[in-house]
Amino acid sequence: MKVTEAERDSFYKVLFSRRDVRREFLPTPIPKEVLDRILLAAHHAPSVGFMQPWDFVVVSSKETKQKIKQGFQQANQQSADMFDGERKEKYQTLKLEGIEEAPIGICLTCDRSRTGDIVLGKTIKPEMDLYSAVCAAQNLWLAARAENIGVGWVSILLDDVLRENLAIPESLDIIGYFCLGYVEAFQDTPDLERHGWQSRREVKNSIHFEKWQK
Ligand SMILES: Cc1cc2c(cc1C)N(C[C@H](O)[C@H](O)[C@H](O)COP(=O)(O)O)c1[nH]c(=O)[nH]c(=O)c1N2
């Protein structure tokens, strides 16, 4: 099956217009069939040895979101204190989550023991299962964008907060917490760039041929 030019362009449109969303969430519910499509897309990510080590814990209760938000607030204060001076002041102005505004939260986990101890492709680099779960995160993010749904990854959270509130067993690693919802608009530029925190590097600075070029 070949991808047509129009389909290619649609794919790149989705890819380049994907944003990390924190502030623009609308309360509009996400229909079940839409969420199902997004999770199916995530589930079709590549994985080492075809382990498919991920699970998705879907959060919709207001009370649970409130508790996770409290966890974020504590972690965010602790994080702000790690920066100094102007950087700290700037940090404190950034909105870094939309936990309560987003109709759906998803906690992505990784079962590192799924399919046994010795896994094809993970024999030399054991962390490959974690990377596989992150591939599912990216699929989820892009599929959501194709559905006009914004996603925000919130990593300023202690694992224990998610474990406690979502009953996630110690046997699973926590990869991330994602906020999902329809949005008023997708910004052209990442939030961190718009707010003067960090800009996009030139792609040419990241492409090297055979030997590292300074
Ligand atoms: C692993 C990981 C973890 C986080 C993020 C991303 C990733 C990949 N990002 C989003 C991040 O800031 C964002 O992707 C970049 O700023 C680039 O912007 P766009 O995603 O292109 O909009 C993110 N954003 C945020 O507001 N709070 C957070 O805790 C995190 N955590």
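Points worth noting:
- Gaussian network model of the chain, springs between alpha carbon atoms under 10 Å - residue of 160, 191, 55 with greatest fluctuation: 160
- Rg of the Cα atoms in the chain, relative to 2.2 N^0.38 Å, amounts to 1.10.
- Take every pair of alpha-carbon atoms less than 8 Å apart whose residues are at least six positions apart; their mean separation over the length of the range 25-194 yields a relative contact order of 38 percent.
- Remark: spin-label model distance residue 87-residue 125 equals 2.8 nm, labels positioned 7 Å along the Cα→Cβ axis.
- Among beta bridges that DSSP assigns inside the chain, antiparallel share in %, nearest 5: 95 percent
- Amide H contacts for residue 150 (H built 1.01 Å from N in the peptide plane; partners 5 or more residues away or on another chain; cut-off under 5 Å): 181, 182, 183.
- For the cross-link pairs 62/90; 32/95; 62/95; 13/95, the ones whose C-alpha atoms lie over 22 Å apart are 62/90; 32/95; 13/95.
- Annotation: amide H of residue 54 within the under-5 Å range of 111, sequence separation 5 or more or interchain, hydrogens built in the peptide plane.
- Sparse packing (at most 11 other Cβ atoms within 10 Å of the Cβ) combined with a DSSP loop state is found for the following GluC sites (Glu not before Pro) in the range 127-214: 127, 170, 184, 202, 210.
- Cα centroid separation, the range 192-214 to the range 91-116: 26 Å.
- When the Cα positions of 155, 45, 130 are compared along the charge dipole of the range 25-194, 45 comes out farthest toward the positive end, with charges on each C-beta of Lys, Arg, Asp and Glu.
- Whole-number D in µm²/s for the range 1-84 (Stokes-Einstein; Kirkwood sum over Cα pairs; 4 °C, 1.567 mPa s): 76 µm²/s
- Shown in residue order for the range 185-199 are the 3J(HN,Hα) couplings computed by the Karplus curve 6.51 cos²θ - 1.76 cosθ + 1.60 at θ = phi - 60°: 7, 9, 5, 6, 10, x, 3, 5, 6, 4, 9, x, 8, 7, 9 Hz (x for Gly and Pro).
- Gyration tensor verdict on the range 157-214 (Cα atoms; rounded if a/c is under 1.5, prolate if a/b is larger than b/c, oblate otherwise): oblate
- Summed over qualifying helices (DSSP H, 4 residues or more, each -39500 (n - 2.57)) and divided by its residue number, the chain shows a 222 nm mean residue ellipticity of -12000 deg cm²/dmol.
- For the range 55-141: relative contact order, % (alpha-carbon pairs under 8 angstrom, 6 or more apart): 38 percent
Each value in this text was obtained by applying a stated rule to the coordinates, not by laboratory testing. Since we're looking at a predicted model, the values are computed, not measured. No Cβ is skipped: glycine too gets one built from the backbone with ideal geometry, and neighbour counts run over all protein chains shown.
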